[in-house]
Amino acid sequence: MGDMREVFDGMRQHNRVRNAKNLGSADPSGWTIHTKYHWSRDLNGKRLDYWPSKNKFQYDDRIMCGHVSVFIRKRSSIEER
């Protein structure tokens, strides 16, 4: 049982470090900041919710992970066509 606790403690520590790194590298410009962990903005008339610590976002009832800036850039270029 002790070995599993060490594994889970290591996983929790890894997640804390990753979340702090994600928060530190997130760019708040253009976002409405509701809390440190939840931001939103309008994109093409729809709400885009973003959780920077998890690098997760929701748009048009779909939850996705990854680079929200790339997602925004792609969606913006689609609307300009």
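FYI, it's all coordinate maths here, none of it is from the lab. Values in this document were obtained by computation on a predicted structure and should not be read as measured data. Glycine gets a Cβ as well: all are built from the backbone with ideal geometry, and neighbour counts include every protein chain shown.
As a calculated quantity, the FRET efficiency between Asp49 and Glu6 at R0 = 41 Å, using C-beta atoms, amounts to about 0.70. Charge tally around His14: other residues with Cβ under 14 Å, Lys/Arg +1 each, Asp/Glu -1 each, net +3.
Against the chain, whose longest principal axis is taken from its Cα atoms, helix 2-25 shows a tilt of about 30°. In the set [x] 1.22; [y] 1.12; [z] 0.98, which value of Rg/Rh (Cα atoms, Kirkwood Rh) was calculated from the structure you see? The value computed from this structure is option [y]. Amide H contacts for Leu43 (H built 1.01 Å from N in the peptide plane; partners 5 or more residues away or on another chain; cut-off under 5 Å): Leu48.
Relative to the longest principal Cα axis of the chain, at what angle does helix 68-80 sit, 0 to 90 degrees, rounded to 10? The angle comes out near 10 degrees. Using only side-chain charges placed at the Cβ, +1 for Lys and Arg and -1 for Asp and Glu, the dipole size of the chain relative to its Cα centre rounds to 80 debye.
Projecting label points 7 angstrom from Cα along Cα→Cβ for Asp27 and Val70 puts them 1.5 nm apart.
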